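Engineer: There's a structure below that I have some questions on.
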Ligand code: IFM
């Protein structure tokens, strides 16, 4: 057995988001998820929308005790733009929301849990989507910055770790390329514009944070999924290079290095996809330095060179490659097609070290999905046995530990997620939590993995073969 010990002060906890946990009680505006679910419930697994979910709005005190029960010293959630801001044009806050978030964050702090707060987790206020097209519009960039300033002003005394966006590429993919987020458009040029506008919104929020001389740190959270090939043939390596450029570096480079890769710009020009760009926007991107990066990792991307002709009428990154299922891969039996590749964590860490100045980063989401049936019912002691999750988590942490030994500047790990939460069109199809949410009663049922995590967090170490 080997003991793996992590650096002093390492963050251990979980990540969630406002919209996936709070419920809609007392929310002042709808988000696109509320209206999309109302209009098209059939798009959601078992037609479950974001209205009820974990009811954190009413149950946060009880939940903070559960965080303690599994040993968290930190926790990430997000503020909902559509809850905090009463007047979306001026950024004036809603007092009920200020009171709720203040009480929630204070409760965590009083219990020794550091809150980390994200500003945008796919949840555009519906009226801004309908009136302006959401992040299709430059006007909405300005509104986002006003919202960010209100959040900094309202909670800056409590929050010392801010995040601008979680997985900013996902609303681009879902809303503008592959039809799994509202507004369900398929338009490569608009996708690029939305991606660029989000990057500008991020940069201007970071600059506002600096101008307001807020205490603490600000960063962003990206889902960085490395691309692996069939084998060493050149055309496959080239395919992986393009996948990396389009899916990872399109946000990682402007947000961390403060410039776009020249090759990416050439591709966009070649396909007539260049967005509208103002000089002051590029200046904002160039000067918005982040303090840290959050990395979300679930599965590796497997690609091969394109063999079939590209047959879509609009541009997607797949123009440059085909997805590929690794015939010798290991897959999560509780979630189809999820390849398990713990060494990807090591590769991500090396990439940050070698190509991104080894800036401080944390594993902001690592999630091991199981469906409810495979987790089974609670055992005699009232605990659900999800030891599968623990064994996989150990394998990933061994790789993270190896990376830290080799110089990675990683300062924490947050598992996705705390209590099983609602997850977009999948609603509750996949379970990730330390606690099961009983959808009928709202009861939180502990899982065995939480007991292991508590000892990990308390000793800052674990043992494995
Ligand atoms: O539920 C999502 C979360 O909102 C973003 N990262 C992936 C999770 C699981 O799919």
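Engineer: Look through region 421-439, keep the residues that are away from the ligand (no atom under 15 Å from the Cβ) and outside any strand (DSSP E or B), and return whichever of them is nearest to residue 72 (Cα to Cα).
Structural biologist: Residues of region 421-439 away from the ligand (no atom under 15 Å from the Cβ): 435-436, 438-439.
Then drop every residue that is not outside any strand (DSSP E or B), which leaves 438-439.
Values: 438: 22, 439: 24 Å.
Step by step, filter region 421-439, then rank; the result is 438.
Engineer: Answer yes if at least one residue in region 176-185 is closer than 18 Å to residue 121 by Cβ, surrounded by 23 or more Cβ atoms within 10 Å (Cβ to Cβ) and free of Cβ contacts under 8 Å to residues at least 24 places away in the same chain, and no otherwise.
Structural biologist: The answer is yes; a qualifying residue exists.
Engineer: Every residue in region 393-420 that is over 18 Å from residue 294 (Cβ atoms) and either within 12 Å of the ligand (Cβ to nearest atom) or free of Cβ contacts under 8 Å to residues at least 40 places away in the same chain (or both), please.
Structural biologist: 405, 420
Engineer: Go through the residues of region 423-433 one by one and say whether even a single one is surrounded by fewer than 15 Cβ atoms within 10 Å (Cβ to Cβ) and at positive phi.
Structural biologist: Within region 423-433, not a single residue is surrounded by fewer than 15 Cβ atoms within 10 Å (Cβ to Cβ) and at positive phi.
Engineer: Within the bounds of region 279-290, is there any residue that is surrounded by 13 or more Cβ atoms within 10 Å (Cβ to Cβ) and touching a strand residue (DSSP E or B) at 6+ places or on another chain (Cβ under 8 Å)?
Structural biologist: yes
Engineer: If I ask for residues that are crowded, with 21+ Cβ neighbours inside 10 Å, more than 21 Å from the chain's Cα centre (by Cα) and farther than 30 Å from residue 351 by Cα, which ones from region 385-420 would you list?
Structural biologist: 386 - this is the single residue of region 385-420 that is crowded, with 21+ Cβ neighbours inside 10 Å, more than 21 Å from the chain's Cα centre (by Cα) and farther than 30 Å from residue 351 by Cα.
Engineer: Could you list, in sequence order, all residues of region 440-460 that are loosely packed, with under 15 Cβ neighbours inside 10 Å, within 26 Å of the chain's Cα centre (by Cα) and not in a loop (DSSP other than H, G, I, E, B)?
Structural biologist: 455, 458
Engineer: Filter region 24-46 for residues that are more than 16 Å from the ligand (Cβ to nearest atom) and free of Cβ contacts under 8 Å to residues at least 40 places away in the same chain; which is surrounded by the fewest Cβ atoms within 10 Å (Cβ to Cβ)?
Structural biologist: Within region 24-46, the match that is surrounded by the fewest Cβ atoms within 10 Å (Cβ to Cβ) is 42.
Engineer: Continuing with this model, one more query. Of the numbered conditions (1) crowded, with 20+ Cβ neighbours inside 10 Å; (2) more than 17 Å from residue 26 (Cβ to Cβ); (3) away from the ligand (no atom under 16 Å from the Cβ), residue 84 fails exactly one; give the number of that condition.
Structural biologist: Here residue 84 meets the rest and fails (2).
Engineer: When you go through 205, 240 one by one, which is the residue that is crowded, with 20+ Cβ neighbours inside 10 Å and over 28 Å from residue 287 (Cα atoms)?
Structural biologist: One residue alone meets the criteria, 240.
Engineer: When you look at residue 163, is it touching a residue at least 24 places away in the same chain (Cβ under 8 Å) and in a strand (DSSP E or B), yes or no?
Structural biologist: It is true that residue 163 is touching a residue at least 24 places away in the same chain (Cβ under 8 Å) and in a strand (DSSP E or B).
Engineer: Also, quick follow-up: Among the residues of region 108-140, count how many are within 28 Å of residue 180 (Cβ to Cβ) and under 20 Å from the mean Cα position of the chain (by Cα).
Structural biologist: Result for region 108-140: 12.
Engineer: May I ask you to list pairs of residues, at least six apart or on different chains, whose Cβ atoms are under 8 Å apart, with the first in region 423-438 being without any contact (Cβ under 8 Å) to a residue 40 or more places away in the chain and within 25 Å of residue 71 (Cα to Cα) and the second being near the ligand (Cβ under 7 Å from one of its atoms) and not in a loop (DSSP other than H, G, I, E, B)?
Structural biologist: If the second residue must be near the ligand (Cβ under 7 Å from one of its atoms) and not in a loop (DSSP other than H, G, I, E, B), no pairs are left.
Engineer: Which condition does residue 70 not pass, out of (1) out of contact with any strand residue (DSSP E or B) (no Cβ under 7 Å at 6 or more places or on another chain); (2) within 30 Å of residue 403 (Cα to Cα); (3) surrounded by fewer than 21 Cβ atoms within 10 Å (Cβ to Cβ), if it passes all the others?
Structural biologist: (3)
Engineer: Another question, if that's okay. Tell me which of these residue 98 doesn't satisfy, since it passes every other one: (1) over 21 Å from the mean Cα position of the chain (by Cα); (2) in contact (Cβ under 8 Å) with a residue 60 or more places away in the chain; (3) closer than 19 Å to residue 121 by Cα.
Structural biologist: Result: residue 98 passes all but (2).
Engineer: Here's another thing I want to ask about it. Quick test for you: out of 151, 103, pick the one residue that is assigned to a helix (DSSP H, G or I), more than 16 Å from the ligand (Cβ to nearest atom), surrounded by 23 or more Cβ atoms within 10 Å (Cβ to Cβ) and touching a residue at least 40 places away in the same chain (Cβ under 8 Å).
Structural biologist: On the way: 103 fails: surrounded by 23 or more Cβ atoms within 10 Å (Cβ to Cβ).
Residue meeting the stated conditions: 151.
Engineer: Only one of 17, 78 is touching a strand residue (DSSP E or B) at 6+ places or on another chain (Cβ under 7 Å), within 16 Å of the ligand (Cβ to nearest atom), in contact (Cβ under 8 Å) with a residue 24 or more places away in the chain and more than 25 Å from residue 448 (Cα to Cα); which?
Structural biologist: Values: 17 fails: more than 25 Å from residue 448 (Cα to Cα).
Of 17, 78, the one residue that is touching a strand residue (DSSP E or B) at 6+ places or on another chain (Cβ under 7 Å), within 16 Å of the ligand (Cβ to nearest atom), in contact (Cβ under 8 Å) with a residue 24 or more places away in the chain and more than 25 Å from residue 448 (Cα to Cα) is 78.
Engineer: Could you please find all residues in region 348-374 being within 16 Å of the ligand (Cβ to nearest atom) and either in a helix (DSSP H, G or I) or more than 20 Å from the chain's Cα centre (by Cα) (or both)? Give the steps one after another, and end with the answer.
Structural biologist: So in region 348-374, the residues within 16 Å of the ligand (Cβ to nearest atom) come out as 348, 362-372.
Across region 348-374, the qualifying residues are 348, 371, 372.
Engineer: Still on this model: So is residue 52 farther than 24 Å from residue 399 by Cα, away from the ligand (no atom under 16 Å from the Cβ) and either surrounded by 23 or more Cβ atoms within 10 Å (Cβ to Cβ) or at pLDDT below 95 (or both) or not? Please lay out each step first, then the result.
Structural biologist: Values: farther than 24 Å from residue 399 by Cα: yes; away from the ligand (no atom under 16 Å from the Cβ): yes; either surrounded by 23 or more Cβ atoms within 10 Å (Cβ to Cβ) or at pLDDT below 95 (or both): yes.
Judged against the criteria, residue 52 is a match.
Engineer: Also, quick follow-up: Write out, first by first residue and then by second, each pair whose Cβ atoms fall under 7 Å of each other, whose residues are 6+ apart or on separate chains, and whose first residue, in region 440-465, is closer than 15 Å to residue 398 by Cβ while the second is assigned to a helix (DSSP H, G or I).
Structural biologist: Partner pairs satisfying both residue conditions: 452/390; 462/394; 462/397; 462/456; 464/394; 464/398.
Engineer: While we're looking at this one, here's another question. When you check residue 347 against the structure, is it under 30 Å from residue 61 (Cα atoms) and touching a residue at least 60 places away in the same chain (Cβ under 8 Å), yes or no?
Structural biologist: Considered against the rule, which asks whether it is under 30 Å from residue 61 (Cα atoms) and touching a residue at least 60 places away in the same chain (Cβ under 8 Å), residue 347 comes out as no.
Engineer: Scan region 121-140 for residues that are away from the ligand (no atom under 16 Å from the Cβ) and within 18 Å of residue 174 (Cα to Cα) and jot them down.
Structural biologist: 125, 126, 128, 129, 130, 133, 134, 135, 136, 137, listed by residue number.
The values are calculated or read from the model by the stated rules, or taken from the named source; none is laboratory data. The structure presented is a predicted model; accordingly, all values stated were derived computationally and were not measured. Here the Cβ is made from the backbone with ideal geometry for all residues, glycine too, and neighbour counts use every protein chain on show.
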